[in-house]
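The values are calculated or read from the model by the stated rules, or taken from the named source; none is laboratory data. Note that the structure is a prediction, hence the values are computed from the model and not measured. Every residue, glycine as well, gets a Cβ built from its backbone with ideal geometry; the counts of neighbours run over all protein chains shown.
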Amino acid sequence: MTRASLDKQPHEVASMFDGVAANYDLTNDVISLGQARLWRKAVAAAVDARPAQKILDLAAGTATSSQPFARAGAYVVPCDFSLGMLEVGKRRHPWMPFTAGDGMRLPFKDEVFDTVTISFGLRNIQDTETALRELYRVTKPGGRVVICEFSQPTWAPFRTVYTEYLMRALPPTARAVASNPDAYVYLAESIRAWPDQPGLAALLQKAGWSKVAWRNLTGGVVALHRATRA
Ligand SMILES: C[S@@+](CC[C@H](N)C(=O)[O-])C[C@H]1O[C@@H](n2cnc3c(N)ncnc32)[C@H](O)[C@@H]1O
């Protein structure tokens, strides 16, 4: 795959996710070697959803990432621009207020959410800074953002093994289970091209967020960034 294939237009990203929607959650469990469930627990702890809170789960896909917040009693709005992913989500969780929308132009008024969160979605949005500013706009003053995204393992020997896994083992594994294996070649390439932990923290600050901090999961394979709207 060439670098150019990473420069997907938003409609190409949406149709790529339409194509993987049916097997999306199963594929995640397989290719993350079971780690995805642990990462989701860490997100739930960081978001710390409470009854009566209003939470936006941007790029929610099938709403697997939204479920823990709903279970905690919060009012969670799963928003995504892949109608295929939203359809699968609606079938599974018909009571959730699924909303079709683009992370670069959110269909919400200013300052309406207590917490905004995005899991494994920010890397796919064409302009990261625009999405971070949009998330800021829709968050109430004093509200928080929690971002769960692939990142860079911090221990060099582990980083080498992980990169080998991404580039050599992940594509054939995905071919065995996913409905659109090319999407998982894109996944590997997009992770390699994504900013590391301090790089994403700097983008959050540039978009206006304060008290930016992060925590590494699985040695930095995933990072959980948190920040507050002043
Ligand atoms: C890897 S999935 C993550 C889904 C879910 N958050 C999870 O943790 O399972 C990424 C999602 O980002 C969505 N996405 C990508 N770009 C988007 C954009 N500009 N606006 C809204 N959703 C977007 C895709 O449609 C896809 O459903």
I'm trying to understand the selection: among the residues of region 64-88, which are within 11 Å of the ligand (Cβ to nearest atom) and part of a loop (DSSP other than H, G, I, E, B)? 64, 65, 66, 81, 82
Every residue in region 99-113 that is within 10 Å of residue 82 (Cα to Cα) and surrounded by 16 or more Cβ atoms within 10 Å (Cβ to Cβ), please. 101, 102
Would you check if residue 58 is surrounded by fewer than 19 Cβ atoms within 10 Å (Cβ to Cβ) and either of a type in the set (A, V, I, L, M) or under 14 Å from the mean Cα position of the chain (by Cα) (or both)? no
Farther than 19 Å from residue 39 by Cα, modelled with pLDDT of 95 or more and surrounded by 22 or more Cβ atoms within 10 Å (Cβ to Cβ): does that describe residue 156? no
Return the residue satisfying two criteria in turn: it lies in region 39-63 and is part of a helix (DSSP H, G or I) and of a type in the set (D, E, K, R), and of such residues it is farthest from residue 132 (Cα to Cα). 41
Go through region 30-63 and give me each residue that's within 11 Å of the ligand (Cβ to nearest atom), farther than 20 Å from residue 97 by Cα and charged (D, E, K, R). 40
Do we have residue 133 as on the phi < 0 side of the Ramachandran plot, more than 9 Å from the ligand (Cβ to nearest atom), in a strand (DSSP E or B) and not β-branched (Val, Ile, Thr) here? no
So is residue 91 among the charged types (D, E, K, R), surrounded by fewer than 16 Cβ atoms within 10 Å (Cβ to Cβ), in a loop (DSSP other than H, G, I, E, B) and out of contact with any Leu (no Cβ under 7 Å at 6 or more places or on another chain) or not? no
